[in-house]
Structure formats: C-alpha cells, structure tokens
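The block underneath contains the structure these notes are about, expressed in structure tokens.
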Amino acid sequence: MTNKDEVKGAAKEVGGKIKEAVGSALGNEKMEAEGKVDQTEGKTQKNYGKVKDAATDQTGH
C-alpha cells in the first residue's frame, strides 16, 4: 500500500529532475543545484514512506 509520504516524495523527486534540467539548459547553476537537492529530499521522503509502510505491515497497525 502506498502512503502519502511515498507519493509526495516521488512528486518532489520528479520536480527536482525537471528543475535540474531547466537549470542546466539555462546555464543556471543555482537552479540546477536546487533541483539535485529536491531530488535527494524526494528520494528520502519516498524511502521513509516505504519503511513506514513496511513497519505498518509488520505490526498490523
């Protein structure tokens, strides 16, 4: 079962990829770096959601 952290994390990760690509295309290093940070935050949130979901499955809560 997917939870809101997985969905929000995935959305942030995709947004970060877009931001990085736009920053790269425009030669804007700051925007490109922000995109990479957003991707990392998104992956972290998505993985947190997966762990949380697995823990819920194991405990039955």
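The values are calculated or read from the model by the stated rules, or taken from the named source; none is laboratory data. What you are looking at is a predicted structure, and each value in this text was computed from that prediction instead of being measured. Every residue, glycine as well, gets a Cβ built from its backbone with ideal geometry; the counts of neighbours run over all protein chains shown.
Summary table below
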read-out: Lone qualifier among 25, 10, 55 - being out of contact with any helix residue (DSSP H, G or I) (no Cβ under 7 Å at 6 or more places or on another chain) and at pLDDT 95 or above; value: 25
read-out: Cross-chain or 6+ apart pairs with Cβ under 9 Å, the range 48-61 first and within 17 Å of residue 8 (Cβ to Cβ), then surrounded by 10 or more Cβ atoms within 10 Å (Cβ to Cβ) and among the hydrophobic types (A, V, I, L, M, F, W, C); value: 49/7; 49/10
read-out: Residue ID - nearest to residue 55 (Cα to Cα), chosen from residues in the range 1-44 that are free of Cβ contacts under 8 Å to residues at least 12 places away in the same chain and among the polar types (S, T, N, Q); value: 24
read-out: Condition broken by residue 47, with the remaining ones in (1) in a loop (DSSP other than H, G, I, E, B); (2) at pLDDT 95 or above satisfied; value: (1)
read-out: Breaking point among (1) surrounded by 14 or more Cβ atoms within 10 Å (Cβ to Cβ); (2) touching a His at 6+ places or on another chain (Cβ under 9 Å); (3) aliphatic (A, V, I, L, M), for residue 10; value: (2)
